[in-house]
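Have a look at the structure below, then the notes.
Laboratory data are not the source of any read-out in this text; all were calculated from the coordinates shown. What you see is a predicted model, and the numbers here were worked out from it, not measured in a lab. Glycine gets a Cβ as well: all are built from the backbone with ideal geometry, and neighbour counts include every protein chain shown.
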Amino acid sequence: MKLLTIIIITFFTFSIFAQRSMEQVEQGPQNYERALKSNITGMVESAIFQSVNFKLHYPGMNTDGITFQLNRLSREGQTETVRYKAFLASYFIQNPQLLSRIKRKLYKDEVQFFKMLTETLNSKLIVRN
């Protein structure tokens, strides 16, 4: 069952930004919510990454359920990495003005992506005299 779930999420992740019907796009948040509830750390981390990518490409979509799961993970995630990534993702998703500072493209390198989010957040927090 877990392998099937991973395969489904992986397929959805690679195909979400291809030409999709609106009905398929609207199912995206529900799929990410399910993945964010997983007990498989790698799946959760991937879903966090893809959730931000999704919101970046579909800023008008309702992602309240994703945000709820990200907030939960930022407090209760199994690892420090999951908690940190969930915090960053939630913060960006809930702050459209900050999210709009990220170039809209298909990001593939998760490590570089979260590094970019961290740097973007840090640059926002620096107070210049």
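Every residue, every condition in (1) over 20 Å from Q112 (Cβ atoms); (2) among the β-branched types (V, I, T); (3) in contact (Cβ under 8 Å) with a residue 12 or more places away in the chain, yes or no:
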{"residue": "S38", "(1), (2), (3)": "yes, no, yes"}
{"residue": "T41", "(1), (2), (3)": "no, yes, yes"}
{"residue": "F49", "(1), (2), (3)": "no, no, yes"}
{"residue": "V52", "(1), (2), (3)": "no, yes, yes"}
{"residue": "K55", "(1), (2), (3)": "no, no, yes"}
{"residue": "T63", "(1), (2), (3)": "yes, yes, yes"}
{"residue": "L73", "(1), (2), (3)": "yes, no, yes"}
{"residue": "T79", "(1), (2), (3)": "no, yes, yes"}
{"residue": "V82", "(1), (2), (3)": "no, yes, yes"}
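Can you name the helices (runs of 4 or more DSSP H) wholly within region 40-129 that have at least 2 residues being loosely packed, with under 13 Cβ neighbours inside 10 Å and more than 13 Å from the chain's Cα centre (by Cα)?
64-76, 96-99, 110-125
Assess whether E80 counts as being acidic (D, E) and over 22 Å from V25 (Cβ atoms).
yes
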